[in-house]
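Visitor: The following block contains the structure, expressed as structure tokens.
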Amino acid sequence: MHTILQQRIKKRNELRNVPPHLLAGISIHVINDKGQTFADIQRLDPYFTKVIQVESMAELIKKLEQQGQLKADDMAAYLVQRYQLNAFLLQKTLYYIYADYLEKYASSPFVANFEAFDHGPVETEVYRKYRYTNNLEEDVAFNDKLAVCPYTTELLDLSELTVAKCCSQYQGAWDDQTKNLTHRVGTPWSRAYARKMDVTILDEDIIKYHHLEHLPVSTN
């Protein structure tokens with residue numbers, strides 16, 4: 001028992017090197033095991049059934065950063081659940097949140113891959129989930145990730161403002177391309193679409209040319 005306590009203390013001391021925002025939900029679980037492999041531990045204790053094995057603290061930090069990283073489908077799930085957006089408005093809102101934030105801070109608010117579809121920028125993973133699954137209606141990862149996000153207030157404020165603007169600007173825009181501001185000459189979408197349909201819209205193009213597609217201030 002003394003050895004187990006020492007191991008727990010040792011691991012806690014090692015975790016002091018982990019950035020605090022990555023420690024949410026972290027716990028230490030030490031067992032007295034005679035097995036030789038991690039598979040032996042998983043058989044002995046069900047707690048470890050879905051646990052992944054890492055070899056160093058550096059690898060642990062990397063895994064935590066990857067798992068805690070806000071992604072486009074996390075953001076989309078929040079928007080669908082809070083604002084009940086249809087597929088078209090969801091993609092427009094998601095793109096404008098991403099582009100507005102990227103333009104202002106020169107840093108992306110979440111991991112995304114927007115491609116140039118016929119009707120504008122489309123985040124491919126969100127498109128797949130919205131069309132073929134109900135994951136966006138059920139996913140709650142956004143709340144957990146936002147709890148440790150360093151720019152929570154900015155992102156939520158921007159989301160609320162952008163939803164209002166997009167719902168005002170893009171109602172009926174599917175059939176009326178004059179309302180589709182992303183299709184203006186020189187916009188990031190138009191530059192990507194000119195290269196090839198379904199090609200990725202580059203972040204550097206968004207930073208340089210997003211001003212050409214800015215949404216008007218909502219009057220609602």
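The values are calculated or read from the model by the stated rules, or taken from the named source; none is laboratory data. Here the structure is a predicted model, which is why all the values come from computation and not from measurement. In this analysis, Cβ positions are derived from the backbone assuming ideal geometry, glycine residues included, and neighbour counts consider all displayed protein chains. Only protein heavy atoms, including side chains, enter the accessible area calculation; ligands, DNA and RNA are left aside. Shrake-Rupley method; radii C 1.70, N 1.55, O 1.52, S 1.80 Å.
Visitor: Can you find, within segment 141-167, the residue that is nearest to Gln81 (Cα to Cα) among those that are open to solvent by 40 Å² or more (accessible area, probe 1.4 Å) and under 12 Å from the mean Cα position of the chain (by Cα)?
Guide: Selected residue: Asn143.
Visitor: Just give me the residues in segment 193-220 being over 17 Å from Ala164 (Cα atoms), modelled with pLDDT of 95 or more and either under 22 Å from the mean Cα position of the chain (by Cα) or assigned to a loop (DSSP other than H, G, I, E, B) (or both), in sequence order.
Guide: Answer for segment 193-220, where residues must be over 17 Å from Ala164 (Cα atoms), modelled with pLDDT of 95 or more and either under 22 Å from the mean Cα position of the chain (by Cα) or assigned to a loop (DSSP other than H, G, I, E, B) (or both): Thr200, Ile201, Leu202, Asp203, Glu204, Asp205, Ile206, Ile207, His210.
Visitor: Same structure, new question: Among all residue pairs at least 6 apart or on different chains, which show Cβ distances below 8 Å where the first residue, located in segment 78-103, is under 12 Å from Leu136 (Cβ atoms) and the second is in a helix (DSSP H, G or I) and basic (Lys, Arg)?
Guide: Listed by first residue and then by second, the contacts come to Ala87/Arg131.
Visitor: So if I check each of Ala112, Ala106, which one is hydrophobic (A, V, I, L, M, F, W, C) and open to solvent by 60 Å² or more (accessible area, probe 1.4 Å)?
Guide: The conditions single out Ala106.
Visitor: If you check every pair at least six apart or on different chains, which have Cβ atoms under 6 Å apart with a residue in segment 115-129 that is closer than 21 Å to Glu204 by Cα first and a residue that is surrounded by fewer than 15 Cβ atoms within 10 Å (Cβ to Cβ) and not hydroxyl-bearing (Ser, Thr, Tyr) second?
Guide: Glu115/Asp198; Ala116/Val199; Thr124/Asn113
Visitor: Quickly run through segment 168-192 and pick out the residues that are in a helix (DSSP H, G or I) and open to solvent by less than 40 Å² (accessible area, probe 1.4 Å).
Guide: Gln169, Leu181, Thr182, Pro188, Trp189, Ser190, Ala192
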